[in-house]
Every structure is written in C-alpha cells, then in structure tokens.
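Each value in this text was obtained by applying a stated rule to the coordinates, not by laboratory testing. If you're wondering where the values come from, they're calculated on a predicted model, not measured in any experiment. Here the Cβ positions follow ideal geometry from the backbone for every residue, glycine too, while neighbour counts run over all protein chains shown.
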C-alpha cells in the first residue's frame, strides 16, 4: 500500500520558512523516505506570501500540494494560515503561530487585517494548534529562531524521536547558533518556555 | 555516495561536474540561477557570470569549439537575448559537447511573460531534453553532453520553475574525465557565411532526421502501461502531476526528449490507449504535433493555455473530480512582495513620485516600485528597455523629456542598458536615465556583476566604472546621489530634467541585505510628538505602521535608514541618518 504525507509551510518572505523546510527534508531523508520539497525563489520572497511544500512517502510524484491535499499546514503567521486553509485536507491539522504581520495593503490603509481569525478557525471546526512562537523564540535567544520554534511544534505532531530532529537542526544551522536553535526547537516541541542551561 | 536531497538546479550542476564540463558562462535569471551558482563550487569547472545571455552563449560556444565541454544557463526570456548565436550554433555544431539550459516559468512566479521555450528548439532545429525531477536533471545533463557530441549539435535542456526549485533525491556519481578535444581549423563548419552555411543547413536537416530515428528508440522516451482506458502524453513536471492525479488508472507516454518528437512512439501509444490526453503547460506544442500526425488527442480543449498545470487541474480535466476544501468567509488582504526595509530604491522612487514624472521601468527588485503605495512605474518590458524606450518616448515628443526618466539597475544596465544609452547620446534625445546602483544583482539573490569588482567565485577583478562608461559613450552630464538623502535626490532629478542635454543620475547605495552593509539601530516613533499626519506612511516601508492614530516602527524590521524621518515635519521619528 502506498503511503504519502503532505506538509505545507506557509508564511511571509523573510521569516525563514525555507530553512524550516530544509531541516524537515533532512529528517525525512534520514528516515529513508522518498522526499520532495518545493520552494519559492525570486520575486515572491520579498516580504510576500510564501509557501513551501514538503511531501514524503514510499514514492512521491508531484512536488506541489493542491487544494484539499495537505495533511498538515504549519503557518508562520495568522493571515497566512487563513489564506492557505483551502489547501488543508478535510480532517488535516493546522499549526499556527499567533504572530500577526501587516501586509502592505493594510499598512497603506486600503485593507483591514481581519480580527479574531483564530476563533473563526476554531469555529469552523479546524483541528487547530496555536503557539506564540515569536515570544518563545525571543526567550530562546533570538526572534530569528521563530522558524525553529515552529518546526519543534510540527515535530511533536510527527512520528520521529526528538533527538533525530535536534541532530538535523544542529547539522543545518551555523555552529555558533546551534545551542540557541536547539533551545528554540525544544520550546516549540514542548509548547512552552524552557530554561537555558 | 549516499543519496542527497537536491534542488533540480543543484542536480543539474552536479550533472555538469559528473559530465566533465570545464566551462560555464551564464547570466542569472529566476528560476535558472542556482545551476551556475552551484557549478561554481566545483573547482574543476571554470564558471562565470557574463554581462548577458548572448555573451554567455557565445563564450560557451567558443569554449566548445576550442575543445572543452561547456555550458550556458538562462531563464526563458534570456533565450530571446541569446537567440542570435543559438540559431547559428545549430549550423556550426560543436567540437566538445555544449548544453544550454533554459528554465521556463509557467505561472510567472518571477517573470514578465510566460513564453514556451520548446518553440525555440523546433525553430533552431536543436535537440531538447526535458527532465521531470532532480535525478533526471543530473542524468539528462550528462546525456546532453553525449548527444551533443554524437550528433554534432548544441543540446537544449528545458527546465521549469517546479523542476528547478524542487528538491528530490539524487545519488551522486563520479566525474568522468572528458579530455580536451583538439581544435581543427574547419571554415566550412565554423565560418558561417553564405557558401558554407548553405552546405551546413543540409547537414542540420539530416541531423534532425537521424535524431528522429534515435528518439523513437531512446530509453528516455518510454511508455508506462497500466489501465489503457486513459493515456497521458507528458514531459517534465507534468508527468509528475499526471502520476499524482491518476496513479495506475492511466497509462503514460513520458517524453524525455521534446524535440524532435518520437512519431512512432506517439502513434503506438495512441493506438494502445482509449482516450488520450496531452498534459503540457503553456502552449499546445505536443498536441499540435499529434494532430499533424492525425492522432486524436485531448489537450487545450480541456486544459488552460494560461498558467501552470497541477495535479488538481488534471484530476478535474480527466476524471471530473475535485477534492473537498474548507475556507473562511472573511476577506483576506493580499500580501504582495515589497521593497525591503532600508531598500535604497525606496528613496529614489519617493523622489520620483514628488516630481510626478513618467517612469520607464526595467527588470529587477526596483520593479516593485510599480506597486502601491509608490506606484512609480509606467512601463516595464524587458531587460534594458527602460533606456531605449525612454529615448523613443522623447523622440515622439521632445517635450516628454522634461518629465520622463528611465530607471535601471546596475546589473541590468550592464546586460543591455548600455546600448540604449549609446543610442540616446548618438541620436540626441534629452533623456534622463537613473542607474540604481545597489552594487549587486538583487532580485535573483545577490549575484556579482561587472560593476561589483568581484567574480562569481568572489575573487577581485576589474570593476566597470559606471561614471566613465556613461561619459565615454557621450553623456557629459553624470551625477551621483545617495538615495537615502531625499533632498539631494530630488535636486539631482530636478536639475537633470531641466538640463538641455542627456543626463545620467547614478543613485548609489549598496543593497541593505548585503553582508558587508552595516545597518543602524532601529528608529523610534515618539508618540507624544507624532500628530498622526501619516506623511511617513507615503514611502511604503513595511517596518512602519499606524497603531491607533500614531506612527509605530517595528524594531525587528527597521534598519535605521532614516528615510521616513526626513518626511516627518514634527521630528517624531528619532535616530538614523537624519540625526
């Protein structure tokens, strides 16, 4: 029986979605799966809405994920969680950062950032997990580690052990940031602040 | 060696290494850039960024004729620039193998048009391969060199955004040692003037016939039979979409070579299958060929000519099925890409907005200046067109010169802006050209160019002086401004527009994302001084927002450029260069 899981990582250009997808890809590769990761480069990166597709299983064909196909969506920002919701499979899981980032139409005042998105998601019966990854990243030592905190939250929902993930994190980030990123990962994994050691 | 998860472009670069390629010359362009960037990491390959795709292809052809396996990579529109050498390289053929990668962008993720490069293969009569994943990017690159030498032809490798920018598994192999092939003088082959070219054209037609025979038996064109009720003819990424949508409920004719097409295989497959669909992005290239063969196929009667295909589009078109999906009933504001906080282009565009000028635009990060709230671009056509089209505008009515400018980046100016500037000087239009010199090729992800003084490998080299080039082609009025200084930038524009001669303004400040650029501490908005006039919001900086009725600055995003502070008449924004 063929097996396949589809994970989408969505956010805002500059939030580090690419690094998160790369670490995820490395973990899946180390577990012996067929893996495909699809990235966005160029024009769309500059503060725009960005999406990365990660698919794994016995044999993956298409590298992209379409509407109704994602088993999990990991959203780095609330509005992006809602924007990409139609891509979630019925019964799929949505993990979202509670952080809000105003897009340019909101900054210039031609559009409004919708209120109560998390409550609306819950009301719509979405299987939802939320966390304040920005606060956790700050506690871990850098707001830039938001991506690794969120990766930790995703990892908790998957079947591999924590050490496999932590190894991949250590291999992927620069050595001088390894300890901070490991701490950030652990906070995301446990969903709470962890003391520095 | 163990399997690695490589981008299609990285795998193509791996293919260059393993094939014994010794020279690569390219111009960056999404989604092709990483091929040459990654190839530059192999010491064995002499790599370079050329000023444009035409120069790159000519350099690669020269190296091939000299006897080294050579490569040239570009995006789809780059092949328009390189089309001149391409068509004649088809006649000369090669000495050592020559592979030309061209990356199409269906859906226009990062491009100004959606042209289909397969037409070039047929028009120039050059064999074209199309890989479907990273492993094939590597394999087809290597095969390309073999076919190039076997058939004495350049070979085109057609990529697309989804193949170039997807990672999949590749098992690395050893590099083969491709020996230098001795150059033999052969004017009948390499000097393309009428008497010689007439004879070469006959050989080109014979070569295509030989390739047609090869294509029918080549392993890269293969039929996979499952259920024969539905048959899908496909190549590249569309093979993956079709497999994902239909699995074993259909049979597939997977084409690795899209020019020339294998007529016998197409006929055989259509005879075996009930209903046959051609799944191809963009034009009905394979479909038309099938129809010319008298084959009954579905194609663009069910699938769009516009945008990229996907598994769900194929599922819908072929099976009539769609997956259920949920959406919230709330209006979701768009999130278009924006100029970065601290981007040096922002100050320049703000100054242009104040002058209310017509802006002849070009290709690069600064094309984002066309979007709200700056919206300071009237045209954007192709690389270099800002300069040449401004000249045309000012010739159409010399009064236009008083309120029109061209904006072009340093790399784009090197690519094909210089020739337009020569035309301005030579044919005497009072045009004002602004070169946005941010000391890097920005949009494609920071590549060096002839103005930066560094090679692709980061080695110091000669740097083109923009000032001297402009003067040398006949522009006597050249000024340099710092676009962080709004007043100086406005003054430079006003004076240039008033001058009775052509002018170049070099708006010079390095891209804020460059590693060597030291940014300043974030600015602070003083709520007690802020009157809520929103003047600062006019520059469209993502670090600025309004909270309640006061300006606020996001310390995580602000790099202290100080441009917003210059707009505040109440000194409510503190810190940065303005202090």
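A few comments on the model shown:
- When only alpha carbons are used to place a centre, region B:106-155 and region B:444-486 end up 33 Å from one another.
- Average Cα contact separation per residue, region B:222-319, under 8 Å, 6 or more apart, as relative contact order %: 31
- Compared with the dominant principal axis of the Cα atoms in chain B, helix B:486-498 is inclined by about 80°.
- Residue exposure sequence - B:239, B:516 - by fewest surrounding Cβ within 10 Å: B:516, B:239
- Across every pair of non-identical alpha carbons in region B:148-231, the mean reciprocal distance, once inverted, gives a Kirkwood radius of 17.7 Å.
- In degrees, nearest ten, helix B:385-396 long axis to first principal axis of chain B (Cα): 70
- From helices alone, chain B scores -9500 deg cm²/dmol at 222 nm; the rule is -39500 (n - 2.57) for each run of n ≥ 4 DSSP H residues, then divide by the residue total.
- C-alpha center-to-center spacing [region B:220-240, region B:510-572] in angstrom: 55
- Here chain B carries DSSP beta bridges of which approximately 25% are antiparallel, counting only pairs with both residues inside.
- Euclidean distance of C-alpha centroids, region B:28-50 and region B:294-332, integer Å: 36
- Calculated SAXS-style log₁₀ I(q)/I(0) at q = 0.09, 0.12, 0.16, 0.18 Å⁻¹ - region B:455-579, Debye, Cα scatterers: -0.38, -0.62, -0.89, -0.99
- For region B:524-574: span of alpha carbons on each principal axis (Å, largest first): 23, 21, 18
- Relative contact order (%) - criterion: Cα under 8 Å, at least six apart; region: region B:4-217: 27
- Calculated translational diffusion coefficient of chain B (37 °C, 0.692 mPa s; Stokes-Einstein with Kirkwood radius over alpha-carbon pairs) equals 126 µm²/s.
- Peptide ranges B:126-137, B:35-46, B:411-422, B:489-500 listed from the most packed, as the mean C-beta count within 10 angstrom indicates: B:126-137, B:411-422, B:35-46, B:489-500
- Compactness of region B:1-138 as Cα Rg over 2.2 N^0.38 Å, two decimals: 0.98
- Cα shape, region B:222-319, gyration tensor, a/c 1.5 rule: rounded
- Three-way shape call for the protein assembly as shown based on the alpha-carbon gyration tensor, with the a/c threshold at 1.5: oblate
- Overall size of region A:31-173 from C-alpha positions, given as principal axis extents largest first: 49, 37, 35 Å.
- Percentage relative contact order, region A:1-156, counting C-alpha pairs under 8 Å, at least six apart: 23
- Counting Cβ atoms of other protein chains within 10 Å of each residue's Cβ and taking the mean over peptide B:540-548 gives 3.
- Between the helical axis of B:344-355 and the longest alpha-carbon principal axis of chain B there is an angle of about 60 degrees.
- Distant alpha-carbon pairs in region B:97-145 (separation over 16 angstrom), percent: 49
- Exposure proxy ranking for B:426, B:241, based on other Cβ atoms within 10 angstrom of each Cβ and starting from the fewest, stands as B:426, B:241.
- Neighbour counts of other Cβ atoms within 10 Å put B:65, A:73 in the fewest-to-most order B:65, A:73.
- Anisotropy class of region B:275-358 from Cα gyration tensor, a/c 1.5 cut: oblate
- For region B:390-476, the percent of C-alpha pairs falling in each 5 Å distance bin, counted from 0 to the bin holding the largest distance, reads 3, 14, 23, 22, 16, 11, 7, 3, 1, 0.
- For the protein assembly as shown, share of DSSP beta bridges that run antiparallel, in % to the nearest 5: 35
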